[in-house]
Every structure is written in structure tokens, then in C-alpha cells.
Amino acid sequence: MKTTRTITAALGLSLGLISSIACGGSAETSADTAAPETAESSLPTATPREAESEPTMCDLMSATEVDAALGGKLPLGPPESLDGGCKYPVNFGVDGNAVSFGRLSRGNYDAYKGYEDQSSVIFEYIEGLGQEAFVINNAQVCVLLSEEEALLVAAQVMAFQEELPITQEELNAGLIEIAGKVVAKI
């Protein structure tokens, strides 16, 4: 049996809402499920958008800014604009690894806040970011922007039998930095 290393949360994006499942720790898996490694030598660039299109969430943070916030430790793929969000694939470890950010409804924000009472979840409030902000399991930053809207910045970084290129603390600090920059530009 081989060990899976995980330091972040599973992340999914759909219908303009960002939703994720907080998880962490390690799990057992077989060698047959290990994903091949991929690497990129330079930062991706966003494809030019037409002058008449509306700005997207990906327009708020360049690949260089996201890379700098994460200390250059995660090989990022080109940004993918999503309805209400932006996803930067992480070209390391398993398929689906990504750093993403996007808008949430107040109801979804409140649902994430409900994790505060779960003993298996690391939950920490952040001062000075939006109306209220918190981090879940060092991998998700939720920021209340207004009475109706919030922001989620989240990451998933998983690998099979290889050392992760970033620590939980570095990832936590990077996601908080990304959240602060996105909030300042909204």
C-alpha cells in the first residue's frame, strides 16, 4: 500500500457558485491510482479576451500575482474563467489539483461558517479582510463582501508518494494574500 499526501480541500466549481469539501490528512491507495507527474517551466499567460467582453474573475489576478502569493512553489497552468470564478490548474500531483477563487452567495458563506463547530475542522477567523473572513483547514478562505455576497479562495494539492512542494502554512498565507488582493480589486 502506498500513502497519499493531502494538504488541502477538494474543490468543485459549478453554476457560478464555488463549493468545496474540507478534508485533510492521509489515506491509503494502491500504486495503480497514482497520477503521472507533469511540470511546466514558465508561468502561463491568459489568452487575450475580446475588447467588448465583460471582465472576468481571472482578470483580477494575473498568473504572476497568484504564483508570487504562493511563493512560486506550485506549477500553475493557464487560468480558466468560470461562471463567477477563476481556476488555475496546478500541474503537480493528481489530476484536478487547482487554486481557485470566485463569488459565493451569502447562504453558501453561512454554510461554510457552519464548519466552525466541527471538531475535525481547523477554523480560524482573519481580521481586517472584508466584513468578516475565516480560513477552513488552511485551504479555503471565505470573505464576506456584503450582506448578499462573499468570496471563496480555495486550493487542492494532492500527490502520491512525493513530497508536496508547499506546506500548509505557506498555502494558508498564500490564499489569504490572494483573497486580500481580489477583495481590493472587486
Run through all the Cα pairs of the range 99-139 and give the fraction in each 5 Å bin from 0, expressed as whole percent.
6, 20, 29, 31, 13, 2
Tensor-based shape of the range 57-150 (alpha-carbon gyration tensor, a/c under 1.5 rounded, otherwise prolate or oblate)
prolate
Antiparallel as a % of all DSSP beta bridges within the range 67-111, to the nearest 5?
100 percent
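Readers should treat all values here as calculations from the given coordinates under stated rules, not as data from a laboratory. Bear in mind the structure is a predicted one, so any value in this text is a computation, not a measurement.
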